Amino acid sequence: MKRRNIFLAISLITIIAISSIGLLNNKDEKAHDRVKYINSSAKIISYSDFNNLDTTAELIIKGAKDRVIETILDKDSMGDVISYGTKSAIKVNKVFKTNNENITEGSEVVIQENGATEKTEDGIAIYGVEGYQMMNENEEYLLFLDKSLTDPNIYFVKGVYYGKVPLEEPNKSKIQNIKEANSFDLQYKGEPTDKLKQIFKDALNKYGDK
């Protein structure tokens, strides 16, 4: 009888342990899928219409993000992110405007994106200046770019997000492992404006099928 009680006690402990592991795994899975948007405010150049964006861009290309070169996350002594960015390699598929003879079809340009992602214990943190969302790898974009004032080999998207026009429906799940109805969120995490949508439409009408 005593041996039977010992056996029952061991069995009960085993069941509790397995249940606890299951709960921990479930918690980890939920944490992995959790997404937190962290938005930074900044003074940006706004464009009233597409013509203003088009005529002032130093470089206009059609290209796809090939890979992330470097994720920049500067933190303070408390571990809080105080500045961020992502250097991304873009494969050039078509050149519409450039003053750099080295930028041709099949070449590569480096863009410092106005955002970054970070995996944390609580899930995925997505940083963006004024709601900017990073490009998906292997998806094609129409890009209106300006050269960096400090490094001529690096470009920035004009107007933070105005100059990044997706040529196909953005796939949110590639970055965030979740699906949401409003894919426009991947381009700009904020209130979609009619002005921005019109600029995208005009950009695609001019360059999208070329």
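The values are calculated or read from the model by the stated rules, or taken from the named source; none is laboratory data. Everything numeric in this text was worked out from a predicted model, so none of it was measured. In case anyone asks, the SASA skips ligands and DNA or RNA and just uses the protein heavy atoms, side chains included. Shrake-Rupley method; radii C 1.70, N 1.55, O 1.52, S 1.80 Å.
Ordering Met135, Met78 from largest to smallest accessible area (1.4 angstrom probe), what's the sequence?
Met78, Met135
Given a 1.4 Å probe and the protein chains all in place, what does the accessible area of Glu130 round to, in Å² to the nearest 10?
50
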